[in-house]
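Asker: If you scroll down you'll find the structure; I have some questions about it.
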Amino acid sequence: MRGLTLPSGSVDFYSNDYLGLASSPALAERVQVQYAQASELNRLGATGSRLLSGNSAYAMALEQKLAQLFQGEAALLFNSGYAANLAVLSSLAQKGDLILYDELIHASLREGYRLSLAIHTAFGHNDLADLAQKLARARHTSAGAILVVTETVYSMDGDNGILRETLELCEQYGAFAVVDEAHSTGIFGPGGSGLVCGEGLAARFFARIYTFGKGIGAHGACVVGSRDLVDYLINFARPFIYSTAMPLHNLVSIACAFDHLAAHPALAAQLQAVVQYYRVKIGELSFPPDVQVIVNAGPIQVLLVPGSARCKALAAHLIRAGCEVRPIVAPTVKAGEERLRICLHSFNTPVEIDVLVNALHQFDW
């Protein structure tokens, strides 16, 4: 049974705070100053949903700022990435439509398609041939709309989605492409705008979801797309309609975080330097045959350690060595695919990486 735990005070190799923004004194000061200046309604909470009493000029200005940053026509704020993903899939797809999704998409996207009236079918992870086959079959047998759902960086494996080729298939078969940018927001693309913008593909996606609780170090999310898409979500997305809006302080934190990134463009490069150092050091180790090292271009690195007991024992060993790493076990991942999800950050030092790698070497496998 899983339970709640507190941080041990060890070196952070487990949080999604990839750029250290959640603990940045400079960003905290920026937020404090701007919050004092932006307290237009002199209230702590939003007091209601955006459609009732919870809207503000600041929220609408922030949406314009985010739309410009993410190279979209419009943006709509949500209280979390989970709520945004739930909203998009549950409200867009209708009876007779089809949702084709990568088998490794996030649980929130799964909840979204389950709540929709559409048929939903998985395709193999990053398997373009499987996707093409399912798109061709769907176009031959159904006249409904098709949504293809992927991610730019997958949270449990840490690898990148295949964006350009997926878009080409969507365009070939007349499908709508939806992508979750949760784990690339802040760390890739101009100004932290993510992989889609970084690869010049923004205009070709029907809907994009950006989360602010990871690389941005804040909380909340937004959906970016056409003005029609945003207007539709305002009218039909239940997680938006029936949720109390984010408080002003949260909105200010999001705005300030992107301003901070613009002022400190070296943060993403520092993170990449840490990733490269880790890849070199982990490559020097040997592991038992059933343990698999997965190295990625981004901050999420994976060590597949089959068996919950052994995976948990390894995590406990690393924590005792001063490295905060948490085991990921079933049912979050499939039984037999238990793993350590090692998160790297711009603030991790070579010495800290060395301690981590040495502790892995010293474990009684």
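Asker: Where residues in segment 276-319 are in contact (Cβ under 8 Å) with a residue 60 or more places away in the chain and of a type in the set (D, E, K, R), which of them is surrounded by the fewest Cβ atoms within 10 Å (Cβ to Cβ)?
Answerer: Restricting to residues being in contact (Cβ under 8 Å) with a residue 60 or more places away in the chain and of a type in the set (D, E, K, R), the top hit is Glu284.
Asker: Do we have any residue at all in segment 280-290 that's closer than 30 Å to Pro350 by Cα, of a type in the set (A, V, I, L, M), out of contact with any strand residue (DSSP E or B) (no Cβ under 9 Å at 6 or more places or on another chain) and outside any loop (DSSP other than H, G, I, E, B)?
Answerer: Taking every residue of segment 280-290 in turn, at least one turns out to be closer than 30 Å to Pro350 by Cα, of a type in the set (A, V, I, L, M), out of contact with any strand residue (DSSP E or B) (no Cβ under 9 Å at 6 or more places or on another chain) and outside any loop (DSSP other than H, G, I, E, B).
Asker: Taking segment 97-151, which residues are over 18 Å from Glu171 (Cα atoms), crowded, with 18+ Cβ neighbours inside 10 Å and in contact with a His (Cβ under 7 Å, 6 or more places away or on another chain)?
Answerer: Leu104, Tyr113
Asker: On to the next question. Considering only residues that are outside any loop (DSSP other than H, G, I, E, B), over 23 Å from the mean Cα position of the chain (by Cα) and touching a residue at least 24 places away in the same chain (Cβ under 8 Å), which ones fall in segment 324-357?
Answerer: Residues satisfying the conditions are Pro350, Glu352, Ile353, Asp354, Val355, Leu356, Val357.
Asker: Failed condition for Lys95, given (1) in a loop (DSSP other than H, G, I, E, B); (2) in contact with a helix residue (DSSP H, G or I) (Cβ under 7 Å, 6 or more places away or on another chain), with all others met?
Answerer: Status for Lys95: all satisfied but (2).
Asker: Still on this structure, please answer the following. Only one residue in Gln71, Gln64, Gln34 is outside the structural domain of Ile254 (by TED's automatic domain parsing) and either surrounded by 21 or more Cβ atoms within 10 Å (Cβ to Cβ) or closer than 24 Å to Lys214 by Cβ (or both). Which one?
Answerer: After ruling out the rest, the residue left standing is Gln34.
Asker: Further question: Out of segment 127-156, which residues are polar (S, T, N, Q) and either over 19 Å from the mean Cα position of the chain (by Cα) or not in a strand (DSSP E or B) (or both)?
Answerer: Passing the criteria: Gln133, Thr141, Ser142, Thr152, Ser155.
Asker: Go through segment 157-252 and tell me which helices (runs of 4 or more DSSP H), entirely inside it, have 3 or more residues that are assigned by TED's automatic domain parsing to the domain that holds Gly81, under 25 Å from Gly96 (Cβ atoms) and hydrophobic (A, V, I, L, M, F, W, C).
Answerer: 163-173, 227-236
Asker: I'd like to know if segment 109-126 contains one or more residues that are touching a residue at least 60 places away in the same chain (Cβ under 8 Å), in contact with a strand residue (DSSP E or B) (Cβ under 8 Å, 6 or more places away or on another chain) and not in a loop (DSSP other than H, G, I, E, B).
Answerer: Within segment 109-126 (the criterion being touching a residue at least 60 places away in the same chain (Cβ under 8 Å), in contact with a strand residue (DSSP E or B) (Cβ under 8 Å, 6 or more places away or on another chain) and not in a loop (DSSP other than H, G, I, E, B)), the answer is yes, since at least one residue qualifies.
The values are calculated or read from the model by the stated rules, or taken from the named source; none is laboratory data. Remember, predicted model here, so these are calculated numbers, not experimental data. Note: ideal-geometry Cβ built from the backbone for every residue, glycine included; neighbour counts use all protein chains shown.
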